[in-house]
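J.: Sharing a structure below in structure tokens format, with a few things to ask.
The values are calculated or read from the model by the stated rules, or taken from the named source; none is laboratory data. These numbers come from a predicted model, not from an experiment. Backbone-built Cβ (ideal geometry, glycine too); neighbour counts: all protein chains shown. These accessible areas exclude ligands, DNA and RNA; they are computed on the full protein's heavy atoms, side chains included. Shrake-Rupley method; radii C 1.70, N 1.55, O 1.52, S 1.80 Å.
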Amino acid sequence: MFRDESVLGRMTIALARGLAVAGGIALMAIVAMVVASVVGRALIWAGLRPITGDYELVSVGMGFAVFAFMPWVHLQRGHALVTLVTDSFGVRANAWLLVISDLLMLALSGFIAWRLYFGMLDKFAYRETTLLLRFPLGWAYALGLVGAVALVLVALYVAGRSIRHALAGEAEPRQAGAEL
């Protein structure tokens with residue numbers, strides 16, 4: 001069930017990859033908008049203007065991009081690993097350490113999604129907006145929540161994958177990102 005070639009694995013990979021692509025598109029749009037805004041500032045004398053609320057759009061877009069990249073990074077084990085001590089452990093011990101770290105990531109991602117959800121509800125309830133554009137902050141939280149919920153789903157899959165490998169007494173294959 002927790003194999004990358006299974007239906008569940010392919011769906012999880014597609015979800016994480018799709019969100020990462022969406023995050024990349026958001027980053028490219030942010031870069032284009034910042035360039036246009038800087039050019040507008042530089043050419044005020046020629047009748048151009050900066051984009052109003054550019055920093056507000058950057059903060060919303062970056063928030064979405066960060067949360068959109070997190071599922072892919074976790075799926076590919078792209079987080080920083082400090083293996084100073086664990087390099088001397090055997091395959092079984094490292095496999096169980098991955099299980100522990102993946103269960104912690106699942107708990108942490110669940111906590112983040114839970115609190116982000118209630119933060120979103122708060123922002124909508126109080127009708128908070130950005131200063132210049134009057135963009136509702138609840139929608140910014142909702143964009144982040146999409147990535148946070150996807151991270152929970154990916155973390156659940158990765159934990160299951162790690163448990164399967166640990167029970168079999170084997171290390172994860174390199175294409176899964178584990179370099180033990």
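J.: Can you tell me the mean projection area, over all orientations, of the convex hull of the chain's alpha carbons? Units nm², please. Intermediate values should be presented prior to the final figure.
T.: Numbers: hull surface 51.1 nm².
Spelled out: convex hull of the Cα atoms, projected over all directions, averaged, 12.8 nm².
J.: A further question on this structure: Taking θ = phi - 60°, what integer Hz values does the Karplus form 6.51 cos²θ - 1.76 cosθ + 1.60 yield along region 151-164, in sequence order, with x for Gly and Pro?
T.: 5, 4, 5, 5, 5, 5, 5, 5, 5, x, 5, 5, 4, 4
J.: With every protein chain left in place, what is the accessible area per residue of the chain in square angstrom, probe 1.4 Å? Could the numbers behind the result be given before it?
T.: Details: 10590 Å² over 180 residues.
With all protein chains present, the chain gives 59 Å² per residue.
J.: Taking H placed 1.01 Å from N in the peptide plane, check which residues at least 5 places from THR129 or on another chain put their amide H under 5 Å from its amide H.
T.: The list, which skips near neighbours in sequence, is LEU137.
J.: Could you list, bin by bin from short to long, the percent of Cα-Cα pairs of region 1-85 in 5 Å steps?
T.: Each 5 Å bin holds this share of Cα pairs: 3, 14, 15, 15, 12, 11, 10, 7, 6, 4, 2, 1, 0.
J.: In nm, give the distance between the simple-model label positions of ARG49 and ALA14, each being 7 Å from the Cα along the Cα-to-Cβ direction.
T.: A separation of 4.5 nm, rounded to one decimal place.
J.: Another one. Using the Karplus equation 6.51 cos²θ - 1.76 cosθ + 1.60 (θ = phi - 60°), what ³J(HN,Hα) coupling, rounded to whole Hz, does each residue of region 106-119 give in order, writing x for Gly and Pro?
T.: 4, 5, 5, 5, x, 5, 4, 5, 4, 6, 5, 4, 6, x
J.: Place +1 on the Cβ of every Lys and Arg and -1 on the Cβ of every Asp and Glu in the chain, take the dipole about the Cα centre, and give the residue among SER101, TRP114, THR129 whose Cα lies farthest towards its positive end.
T.: My answer, from the dipole projection, is THR129.
J.: Of all the accessible heavy-atom surface of the chain, with the other protein chains kept in place and a 1.4 Å probe, what percent is carbon and sulfur?
T.: 72 percent
J.: Within 10 Å, at most 14 other Cβ atoms, and a DSSP state outside H, G, I, E, B define an exposed site. Report the longest part of the chain free of exposed chymotrypsin sites (Phe, Trp or Tyr not before Pro).
T.: On the way: sites that count: PHE89, TYR126.
Segment 1-88 is the longest.
J.: Tell me the relative contact order for the chain as a rounded percent, counting alpha carbon contacts under 8 Å between residues six or more apart.
T.: Working: 217 pairs, mean separation 53.9, N = 180.
Relative contact order of the chain: 30 percent.
J.: If the only charges are +1 at each Lys and Arg Cβ and -1 at each Asp and Glu Cβ, what is the size of the charge dipole of region 55-180 around the Cα centre, to the nearest 20 debye? Before the final figure, lay out each step's value.
T.: Values: 9 positive and 8 negative charges, 44 e Å.
Dipole size: approximately 220 debye.
J.: Let me ask another. What full-extension length gain, to one decimal in nm, is calculated for GLU128 and ARG41 as 0.36 nm per residue of separation minus the Cα-Cα distance? Walk me through the numbers on the way to the answer.
T.: Working: separation 87, 0.36 × 87 = 31.32 nm, distance 2.83 nm.
Computed gain between GLU128 and ARG41 is 28.5 nm.
J.: Tabulate in residue order the Karplus-calculated ³J(HN,Hα) for region 89-101, using 6.51 cos²θ - 1.76 cosθ + 1.60 with θ = phi - 60°, rounded to whole Hz; enter x for Gly and Pro.
T.: 7, x, 4, 5, 5, 5, 5, 6, 5, 5, 4, 4, 5
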